[in-house]
Amino acid sequence: PLMGASGSHHVHVYVGSPPQRQTLIVDTGSRLMAFPCIPCRSCGKHASSYFEPELSTTDRIPTCGNCLLEGISSCSKFSNHKLGKKCILQQQYTEGSSWTAYEIEDMVWVGSAFQEDRMEEWIRQLAVPYPFGCQTSESGLFRKQHADGILGLAIHPTSLIQQFFKHGSIATNAFSLCLTKADGVWSLGGTEPSYHEEEMKFTPQARDHGWYAVTVLEVKLDGYCVACDNKTYIRAMEGGKGTIFDSGTTDTYLPKDLAPRWERIWKELTGLPYAKRKRKYTYDEF
């Protein structure tokens, strides 16, 4: 099951032996799993206690030259860093948050609070060795958020889903997300039809670049066309990486070429100029 809080959806991930629970944002827009580890002195207060690697009998800390997240971890410019020869991970997000971590590998499985009395059994049967980031610093929303950290689910050889499939924990290299305003369901290995109210609808992947990108045919604002019949606007939506589904953010980003038309339609509908910054509305304006 998924839990909703502070505008994002979270899952309980159990790490180590014995398992320690971490509450992580389910994020299809990034690749890495990371959360604070003791003794992170610049991390915020979150849903769970910081992960303690020393309590786990199955953890492993790779060193430079043997980093598991090849091409993502960094070493050379940190050779004299206080973290020594550890493999360093750094991540920045579109909304401004960032974190720094060192690479660690341990046994990982997912579950829910009512399964905790059986989690050690699940860990033995289904958990997989998985590399992640032990955060040593956080900034922005990452420091203030309810969730402990993040679980990146983008399409990549290092994804947790691919590791579950590789080790036989799930039968199919697939997952699905059912998101509601309050909670939801993360189904491993496919979908769970019992939650569906109607037949699923499908659209092909638009790009093969590691992100869940789709082709946008129309953009409407209260029924008024922002990008429909004009090929220039539609091409703008498909530029760069295309239009990406990102479960880890509440923001929607549109190409700047659509801005004049969006702002004109917004003003026609509301009588107010579109606010590019945070603003207060009266009850009548809202």
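The values are calculated or read from the model by the stated rules, or taken from the named source; none is laboratory data. Here the structure is a predicted model, which means the values were calculated and not measured. Glycine gets a Cβ as well: all are built from the backbone with ideal geometry, and neighbour counts include every protein chain shown. When the accessible area is computed, the model is the full protein with side chains, heavy atoms only, and any ligands, DNA or RNA have been set aside. Shrake-Rupley method; radii C 1.70, N 1.55, O 1.52, S 1.80 Å.
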Per the Debye formula with a single identical scatterer at each Cα and no solvent contribution, what log10 I(q)/I(0) holds for segment 184-244 at q = 0.21, 0.26 Å⁻¹? -0.94, -1.05
Between Y224 and Y283, the FRET efficiency computed from the C-beta separation at R0 = 25 Å comes out, to the nearest 0.05, as 0.50
Between E70, E120, E138, where does the largest GNM mean-square fluctuation fall for the chain, given springs only between Cα atoms within less than 10 Å? E70
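So with the 1.4 Å probe, I'd like the accessible area per residue for segment 158-244, rounded to whole Å².
Counting only protein heavy atoms, the per-residue value for segment 158-244 is 66 Å².
Compute the semi-axes of the equivalent ellipsoid of the chain, taking the square root of 5 times each eigenvalue of the Cα gyration tensor, and list them largest first in whole Å.
The equivalent ellipsoid of the chain has semi-axes of 36, 23, 20 Å.
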Rounded, prolate or oblate for segment 11-63? Axes are the square roots of the Cα gyration tensor eigenvalues, ordered a ≥ b ≥ c, and the cut-off for rounded is a/c under 1.5. rounded
Pull out a ≥ b ≥ c, the square roots of the eigenvalues of the alpha-carbon gyration tensor of segment 243-286, then state rounded if a/c is under 1.5, prolate if not and a/b is larger than b/c, and oblate in the remaining case. oblate
With each label point set 7 Å from Cα along the Cα-Cβ vector, what nm distance links K276 and N173? 4.4
What aspartates and glutamates sit close enough to K201 to cross-link, taking a C-alpha to C-alpha distance under 18 Å and skipping anything fewer than 8 places away on the same chain? E192, E218
Just order 1-11, 272-282, 179-189 by mean Cβ neighbour count inside 10 Å, highest at the front, would you? 1-11, 179-189, 272-282
How big is the Cα convex hull of segment 53-191 in projection, averaged over all directions, in nm²? 10.2
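Quick one: pull the percent of accessible area on the chain belonging to carbon and sulfur, 1.4 Å probe, ligands and nucleic acids left out.
That share works out to 51 percent.
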On a straight-distance basis, which lysines could pair with K241 in a cross-link, Cα separation under 22 angstrom, same-chain partners fewer than 8 positions away excluded? K220, K231, K256
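According to the Kirkwood expression over distinct Cα-Cα pairs, how big is the hydrodynamic radius of segment 1-110, in Å?
Taking the inverse mean of 1/r over all distinct Cα pairs, segment 1-110 comes out at 15.2 Å.
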Using only the alpha-carbon atoms, what does segment 149-275 span along each of its principal axes? Please give whole angstrom values in decreasing order. 55, 32, 30
Share antiparallel - DSSP beta bridges, the chain, percent rounded to 5: 85
For q values of 0.26 Å⁻¹, compute log₁₀ I(q)/I(0) with the Debye formula on a Cα-only model of segment 126-178, without solvent. -1.06
Under a 1.4 angstrom probe, counting protein chains only, how are F286, F35 ranked by accessible area, largest first? F286, F35
Percent relative contact order of segment 151-238, based on C-alpha pairs within less than 8 angstrom and at least six residues apart? 17
FRET efficiency, 1/(1 + (r/R0)^6) with R0 41 Å, evaluated for L269 and T215 via beta carbons: 0.95
